[in-house]
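To start, the structure under review is shown below, and the notes come after it.
The values are calculated or read from the model by the stated rules, or taken from the named source; none is laboratory data. Only a predicted model underlies this, so the values are computations on that prediction, with no experimental measurement involved. Neighbour counts are summed over all protein chains in view; Cβ atoms, including those assigned to glycine, are modelled from backbone coordinates with ideal geometry.
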Amino acid sequence: MSLRYYIFLKDVLKLSLTTFGGPQAHLAMMLRLLVEKRHYITEKELIELNALCQILPGPTSTQTLTAIGFQVGGPNLAYLPLLVWITPTAILMTLAGLAITYLGQHQISMNFLRFIHPMAVGLVAFAAYKISSRVVNTKTGIVLMILSAVLAYFFHSPWIFPVLLLAGGAVTAIRFRKHPQEKNKKIHVDWSNFILFIAVLLGAAALGAATHWLPVRLFENFYRNGSLIFGGGQVLIPFMYSEFVDFKHYLTSEEFLSGFALSQAMPGPTFIFCTYIGTLAMRPYGLGGQLLGSLVATIGIFLPGTFLIFFIIRFWAELKKFRIIKASLEGINAVSSGMVCAAAILLYQPLESTLLNMSLVLATFALLFWTKIPSYLLIFTGILAGIIFK
């Protein structure tokens, strides 16, 4: 493995330990570190890959990093950033699952995280500004960005994300004749990863129906959800709550909400909240069972998205050479920018409209805009302030 690959994995580890705030904030950090500082790919390529991953079900940030790893070092490197990105937070959320009963019994408050939410809104707002100012540069793009932001704000169905992205791409694809033709457009499709995706989905469903062993049923539950959920980790919450709290009663409402609050203060992928759920769901099986629950939940939720991105990324470069695909990317990028704008507004809504919360949002945005202070230092400062000012 070359030195460049080691440096890339080191950068992914840095992201896994320091990126907070969900896919939109993750994208801003990737833009800073992987594009502006390291130049692994161009800004345009990053936006295109991120938009592609938003069309697919599964964890957007994880798929984007996997795709970047494929671009940097091919399939042999692409698996490694996936593991590096997931592992640190998976360990932390497993520990949180093991500790949550103790915390509940002693009624330990999570109030020290109260400054993190408005700061995360500031991170997302900055990502919205950064992305939209660079990739939306036509009247059509501006209209699509505004429309997608409005629709994503008012319609919270997980299907709104792929529908808007495909619709935006279709609008600008009509003008494909404006783009020059390119040669060598022959596409070779390797179906192996797509076949694996379908085989595991059907096999897990059949095995889950035939067995009463909880780890198998957990894997099937998480794999199925990972195959259906679009739009990032926040979309997971209603799915997870209905299935594991209301229907199966693996967690109490208080345990679920406490774990979700804690996951929002964790760096790395937001889908990792499922690791916590899997850990608590296996409490009847003791410590060993809980560790197994953590493992099957993590593998189950991340595996389908991994199969799908490995299927498409292999012919993505050739697919982009078609004029209709190239033209559609303008609309996809504009819609993606609008979704980030909507996310910033939606994330602020649950907050109380206090002077403190608004000041934290504005201060975070201003510090990112006018200084080079890393976002993780801002987050750590927010946690420390929450501890000090109880």
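Summary table
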| item | result |
| --- | --- |
| Considering residues of segment 66-81 that are at pLDDT 85 or above and under 16 Å from residue 304 (Cβ atoms) only, the residue surrounded by the most Cβ atoms within 10 Å (Cβ to Cβ) | 66 |
| Number of the condition not met by residue 161 [criteria: (1) modelled with pLDDT of 75 or more; (2) assigned to a helix (DSSP H, G or I); (3) within 24 Å of residue 29 (Cα to Cα); (4) not β-branched (Val, Ile, Thr)] | (1) |
| Conditions (1) at pLDDT below 80; (2) buried (at least 22 other Cβ atoms within 10 Å of the Cβ); number of the one not met by residue 86 | (1) |
| In segment 185-219, the residues that are among the aromatic types (Phe, Trp, Tyr) and either within 24 Å of residue 297 (Cβ to Cβ) or in contact with a Lys or Arg (Cβ under 6 Å, 6 or more places away or on another chain) (or both) | 194, 197, 213, 219 |
| Matching residues in segment 347-377 - criterion: being under 24 Å from residue 11 (Cα atoms), part of a helix (DSSP H, G or I) and modelled with pLDDT of 80 or more | 364, 365, 367, 368, 369, 370 |
| Every residue from segment 6-25 that is in contact (Cβ under 8 Å) with a residue 60 or more places away in the chain and in a helix (DSSP H, G or I) | 8, 9, 12, 13, 15, 16, 17, 18, 23, 24, 25 |
| Count - residues of segment 209-223 that are touching a Phe, Trp or Tyr at 6+ places or on another chain (Cβ under 8 Å) and charged (D, E, K, R) | 0 |
| Leading residue by the ranking (modelled with the highest pLDDT) among those in segment 243-279 that are surrounded by fewer than 24 Cβ atoms within 10 Å (Cβ to Cβ), aliphatic (A, V, I, L, M) and under 19 Å from residue 86 (Cβ atoms) | 266 |
| Close pairs (9 angstrom Cβ cut-off, 6 or more residues apart or separate chains): free of Cβ contacts under 8 Å to residues at least 60 places away in the same chain in segment 290-313, of a type in the set (S, T, N, Q) and in a helix (DSSP H, G or I) anywhere | 295/94; 295/275 |
| Pick from segment 374-390, criterion hydrophobic (A, V, I, L, M, F, W, C) and within 23 Å of the chain's Cα centre (by Cα), ranking: surrounded by the fewest Cβ atoms within 10 Å (Cβ to Cβ) | 377 |
| Number of the condition not met by residue 40 [criteria: (1) touching a helix residue (DSSP H, G or I) at 6+ places or on another chain (Cβ under 7 Å); (2) over 20 Å from residue 134 (Cβ atoms)] | (2) |
